[in-house]
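*Asks:* First the structure, which I've put down as structure tokens, then a few questions once you've had a look.
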Amino acid sequence: AQKITQTQPGMFVQEKEAVTLDCTYDTSDPSYGLFWYKQPSSGEMIFLIYQGSYDQQNATEGRYSLNFQKARKSANLVISASQLGDSAMYFCAMRGSNYKLTFGKGTLLTVNP
Amino acid sequence: DAGVTQSPTHLIKTRGQQVTLRCSPKSGHDTVSWYQQALGQGPQFIFQYYEEEERQRGNFPDRFSGHQFPNYSSELNVNALLLGDSALYLCASSRPGVHNTEAFFGQGTRLTVV
């Protein structure tokens with residue numbers, strides 16, 4: 001079975017500062033992928049970044065980077081230079097050998113001006 | 001290049017009725033998955049279709065069924081609607097395999113059962 005844990009129900013950050021959203025996972029699959037999604041109030045799930053379990057380097061996509069620590073089973077999302085438009089729900093998810101995405105409960109990020 | 005498209009965007013149904021939701025995957029994707037997201041929760045996996053067959057199913061009753069067409073588009077059908085079926089239904093498309101890096105979602109269908 002796969003499990004994703006996001007321990008921060010809500011986070012606040014000042015505009016232009018960096019913020020880290022925590023994600024830990026549990027799986028018995030030797031190979032898996034980790035995803036982060038942003039969900040604004042409109043409901044659409046927007047793909048941000050992907051990390052494969054065998055990738056040697058941490059994934060980066062613009063202002064988003066994934067701090068992957070395999071031994072600790074953590075995959076934290078770092079958003080640099082926060083913008084007001086970053087305010088949204090953020091979900092961590094993983095996909096293993098059973099093909100489905102398993103999601104955490106999400107973190108509500110609020111960016112203050 | 002169109003992304004994942006879902007229809008309708010909003011829907012109101014009466015308890016006991018049946019509903020059909022539709023999804024067109026992103027160009028080049030042949031795998032479609034459906035998720036249910038209740039208010040304040042993360043999405044829950046319903047099932048996945050690949051090559052017109054249900055490949056994987058989550059913990060949902062048989063009232064939830066689906067179909068995939070030769071052009072890879074998909075339908076989600078829910079029979080005998082319950083108030084608890086009110087949720088955002090999300091469709092995701094991808095290529096098959098564990099290692100593919102893409103899993104894109106549509107904008108969702110918000111279903112309200114009254």
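Computed from the coordinates by the stated procedures, all read-outs in this text should not be read as laboratory data. This one's a predicted model, so the numbers in the text were calculated from it and none came from an experiment. Because the Cβ atoms are built from the backbone with ideal geometry, glycine has one as well, and the counts that use them run over all protein chains shown.
*Asks:* Residue A:16: which aspartates and glutamates have alpha carbons under 19 Å from its alpha carbon, excluding same-chain residues fewer than 8 sequence positions away?
*Replies:* Cross-link targets: A:61, A:86.
*Asks:* Please compute, for the alpha-carbon atoms of the protein assembly as shown, the extent along each of the three principal axes and give them in descending order in Å.
*Replies:* Here the spans come out as 48, 39, 35 Å, largest first.
*Asks:* Sort A:89, A:45, A:94 by Cβ crowding within 10 Å, fewest neighbours at the top.
*Replies:* By the 10 Å Cβ count, ascending, the order reads A:89, A:94, A:45.
*Asks:* Counting other Cβ atoms within 10 Å, keep those with at most 15, restrict to DSSP loop, and tell me which trypsin sites (Lys or Arg not before Pro) in segment B:13-83 are left.
*Replies:* Those that pass, being in a loop and sparsely packed, are B:15, B:63.
*Asks:* Sticking with this structure for a sec: Could you check what % of the DSSP bridge pairs in chain A are antiparallel, to the nearest 5?
*Replies:* 85
*Asks:* While we're on this one: Can you list the aspartates and glutamates whose alpha carbon sits under 12 Å from that of residue B:13, skipping same-chain ones fewer than 8 residues off?
*Replies:* B:85
*Asks:* Also, quick follow-up: Which of the lysines could a cross-linker bridge to residue A:105, judged by Cα under 19 Å and excluding same-chain residues fewer than eight apart?
*Replies:* Partners within reach: A:3, A:38, A:73.
*Asks:* If you consider only alpha-carbon coordinates, what radius of gyration and Dmax does segment B:12-65 have, in Å?
*Replies:* 12.8, 37
*Asks:* List the extent of the Cα atoms of segment A:53-113 along each of their three principal axes, largest first, rounded to whole Å.
*Replies:* 41, 24, 19
*Asks:* Segment A:1-83: which chymotrypsin sites (Phe, Trp or Tyr not before Pro) are DSSP loop and have at most 13 other beta-carbon atoms within 10 angstrom?
*Replies:* A:54
*Asks:* I'd like the mean, over residues of A:31-39, of how many other protein chain beta carbons sit within 10 Å of each residue's own Cβ.
*Replies:* The shielding value for this peptide is 3.
*Asks:* Please find the FRET efficiency linking residue B:80 to residue A:80, where r is the Cβ-Cβ separation and R0 is fixed at 41 Å, and quote it to the nearest 0.05.
*Replies:* The computed FRET efficiency comes out at 0.25.
*Asks:* Suppose R0 equals 45 Å. What FRET efficiency, 1/(1 + (r/R0)^6) with r the Cβ-Cβ distance, do residue B:65 and residue A:61 give to the nearest 0.05?
*Replies:* The pair residue B:65/residue A:61 has a calculated efficiency of 0.80.
*Asks:* Now for a different question. Taking R0 as 35 Å, what's the FRET efficiency between residue B:41 and residue A:70 from their Cβ-Cβ distance, rounded to 0.05?
*Replies:* Efficiency computed from Cβ-Cβ geometry: 0.80.
*Asks:* In 5 Å bins starting at zero, report the fraction of Cα pairs in chain A per bin as a rounded %.
*Replies:* Spelled out per bin, shortest first, that is 2, 13, 24, 25, 19, 10, 5, 1, 0.
*Asks:* Could you work out the relative contact order of chain A, using alpha carbon pairs under 8 angstrom and six or more residues apart, expressed as a whole percent?
*Replies:* 38
*Asks:* Along its principal axes, what span do the Cα atoms of chain B show, with the longest given first and each in whole Å?
*Replies:* Computed over chain B, the largest-to-smallest principal extents equal 39, 26, 26 Å.
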